[in-house]
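Here the structure comes first, spelled out in structure tokens, and everything after it is commentary.
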Amino acid sequence: MMREKAIEQKLVQAVKNAGGHAPKFTSPGFDGMPDRIVFLPGGKIGFVEVKAPGCNLSPLQLRRIEQLQELGQKVYLLDHPEQIAEILEDIRNGIST
């Protein structure tokens, strides 16, 4: 089973290869935010929560994702490296899942 850190590293590299940035996203005083915010060329932005395969989101993480989606933000759950290309394509195209 692939570890969360390894999946996250693959995401960061793929975003870099796409000409973007995926900084670690921390929000003091507002816990439960997704792990990475993805910036792609053309003003495209998405939030990505990275989990190891089979790991679940906490209730707080679910609530934060809900809050972001209610504001029209793109938020993705990444738990397999095979999902990275599709997530980046969705962010580029403005598709939210």
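Considering region 42-53, and only residues there that are buried (at least 17 other Cβ atoms within 10 Å of the Cβ) and either under 15 Å from P81 (Cα atoms) or of a type in the set (A, V, I, L, M) (or both), the residue that is farthest from the chain's Cα centre (by Cα) turns out to be K51.
Hey, does region 83-97 have a residue that's surrounded by fewer than 15 Cβ atoms within 10 Å (Cβ to Cβ), modelled with pLDDT of 95 or more, not aliphatic (A, V, I, L, M) and not in a helix (DSSP H, G or I)? Within region 83-97, not a single residue is surrounded by fewer than 15 Cβ atoms within 10 Å (Cβ to Cβ), modelled with pLDDT of 95 or more, not aliphatic (A, V, I, L, M) and not in a helix (DSSP H, G or I). If you go through region 3-41 and pick out every residue that is closer than 17 Å to A85 by Cα, exposed (fewer than 15 other Cβ atoms within 10 Å of the Cβ) and in contact with a helix residue (DSSP H, G or I) (Cβ under 7 Å, 6 or more places away or on another chain), you end up with 1. Would region 64-72 turn up any residue that is buried (at least 17 other Cβ atoms within 10 Å of the Cβ) and either part of a loop (DSSP other than H, G, I, E, B) or among the acidic types (D, E) (or both)? No - not one qualifying residue is present in region 64-72.
Condition check: part of a strand (DSSP E or B), closer than 25 Å to M1 by Cβ and touching a residue at least 40 places away in the same chain (Cβ under 8 Å). Does V38 satisfy that? It is true that V38 is part of a strand (DSSP E or B), closer than 25 Å to M1 by Cβ and touching a residue at least 40 places away in the same chain (Cβ under 8 Å).
Using the structure shown, decide if G19 is farther than 15 Å from D90 by Cα, in a loop (DSSP other than H, G, I, E, B) and at pLDDT 95 or above. Answer is yes for this residue.
The values are calculated or read from the model by the stated rules, or taken from the named source; none is laboratory data. Quick caveat, the model's predicted, so the values are computed rather than measured. Backbone-built Cβ (ideal geometry, glycine too); neighbour counts: all protein chains shown.
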